[in-house]
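Colleague: Mind having a look at this structure? Questions to follow.
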Amino acid sequence: MATADLGPILVVGCRGLLGRELMEILPSLGAVSGADLPELDIRSPASVAAVLAAHRPRWVVNAAAYTDVDRCETEREKAFAVNALGAGNLARACRKASAALVHLSTDFVFDGAKGSPYLEEDPPRPLSVYGESKLAGEEAVRAAGGRGLIV
C-alpha cells in the first residue's frame with residue numbers, strides 16, 4: 001500500500017530523543033529534513049523565519065522543548081522561553097510560510113488524577129513548571145491561528 005507524499009517535512013528539535021526517532025520514521029511520508037540548535041533557536045523569531053525560508057516545508061513537526069522537568073522548577077524563565085515563547089514563534093512563522101504545524105505537547109498539562117485516558121475537552125491542570133510551560137505553548141500555538149495539530 002502506497003502512502004501519500006506529505007513532504008517536505010521539517011523536524012524541529014531533530015537531535016533530541018523524540019526528534020531522532022521522528023527523523024527515522026517520517027521519511028515514509030515524504031522528504032524530511034531537520035533543524036536544531038545551534039542553527040535554529042526557536043526562542044528567536046528571526047532564527048525560525050530563516051530556517052523555514054531555507055527549508056520551505058509543507059509540514060513542521062515541533063519536537064523542540066526544554067524537557068528537564070526537575071530543572072524547569074528552578075529555571076522557569078528558560079522553560080517558558082523554549083516551551084511557550086518558542087512554540088508561539090514557530091507557530092506564527094509556520095502560518096506566514098503556509099506550513100502546517102504538528103506541535104508535540106505532553107500529558108504533564110494534566111494533573112494525572114483522572115484515572116483514565118484524557119480527552120481533548122478535559123480541562124488542563126498542570127502541577128509543575130514544565131506542565132505550565134507546555135500548556136502555555138499549546139495556547140500560543142492556538143493563538144497564532146495557523147493550520148496544524150497539537151498532539
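The values are calculated or read from the model by the stated rules, or taken from the named source; none is laboratory data. Note that the coordinates shown come from a computational prediction; the quantities given were computed from them, not determined experimentally. Cβ: placed from backbone, ideal geometry, glycine included. Neighbour counts: every protein chain shown. These accessible areas exclude ligands, DNA and RNA; they are computed on the full protein's heavy atoms, side chains included. Shrake-Rupley method; radii C 1.70, N 1.55, O 1.52, S 1.80 Å.
Colleague: Hey, can you tell me all the residues within region 8-43 that are open to solvent by 50 Å² or more (accessible area, probe 1.4 Å) and assigned to a helix (DSSP H, G or I)?
Modeller: L17, L18, R20, E21, M23, E24, I25, P27, S28, L29, listed by residue number.
Colleague: When you scan region 109-122, how many residues do you find that are open to solvent by less than 70 Å² (accessible area, probe 1.4 Å) and within 19 Å of the chain's Cα centre (by Cα)?
Modeller: 2
Colleague: Are any of the residues in region 123-131 assigned to a loop (DSSP other than H, G, I, E, B) and crowded, with 19+ Cβ neighbours inside 10 Å?
Modeller: The answer is no, given that none of the residues of region 123-131 is assigned to a loop (DSSP other than H, G, I, E, B) and crowded, with 19+ Cβ neighbours inside 10 Å.
Colleague: Taking the conditions exactly as written (open to solvent by less than 70 Å² (accessible area, probe 1.4 Å) and either under 28 Å from L6 (Cα atoms) or touching a Ser or Thr at 6+ places or on another chain (Cβ under 9 Å) (or both)), does A100 satisfy them or not?
Modeller: Against the criterion (open to solvent by less than 70 Å² (accessible area, probe 1.4 Å) and either under 28 Å from L6 (Cα atoms) or touching a Ser or Thr at 6+ places or on another chain (Cβ under 9 Å) (or both)), A100 qualifies.
Colleague: Please go through region 36-56 and give me each residue that is under 11 Å from L90 (Cβ atoms) and touching a strand residue (DSSP E or B) at 6+ places or on another chain (Cβ under 6 Å), ordered by number.
Modeller: V51 - this is the single residue of region 36-56 that is under 11 Å from L90 (Cβ atoms) and touching a strand residue (DSSP E or B) at 6+ places or on another chain (Cβ under 6 Å).
Colleague: Residue under question is L52, and the condition is that it be more than 30 Å from R125 (Cα to Cα) and open to solvent by less than 20 Å² (accessible area, probe 1.4 Å); does it hold?
Modeller: Criteria met by L52.
Colleague: Return the total of residues in region 12-35 being farther than 14 Å from C94 by Cβ and touching a residue at least 24 places away in the same chain (Cβ under 8 Å).
Modeller: Of the residues in region 12-35, 14 are farther than 14 Å from C94 by Cβ and touching a residue at least 24 places away in the same chain (Cβ under 8 Å).
Colleague: May I ask you to list the residues in region 70-92 that are assigned to a helix (DSSP H, G or I) and open to solvent by 40 Å² or more (accessible area, probe 1.4 Å)?
Modeller: D70, R71, E73, T74, R76, E77, K78, F80, L85, R92
Colleague: Look at V129 and say whether it is touching a residue at least 24 places away in the same chain (Cβ under 8 Å), touching a helix residue (DSSP H, G or I) at 6+ places or on another chain (Cβ under 8 Å) and among the aliphatic types (A, V, I, L, M).
Modeller: Yes, satisfied.
This table checks each residue for (1) touching a His at 6+ places or on another chain (Cβ under 8 Å); (2) aromatic (F, W, Y).
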{"position": "L10", "(1), (2)": "yes, no"}
{"position": "L40", "(1), (2)": "no, no"}
{"position": "A63", "(1), (2)": "no, no"}
{"position": "F80", "(1), (2)": "no, yes"}
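Colleague: Can we say V60 is closer than 16 Å to P45 by Cα and either assigned to a strand (DSSP E or B) or in contact with a Lys or Arg (Cβ under 7 Å, 6 or more places away or on another chain) (or both)?
Modeller: Yes.
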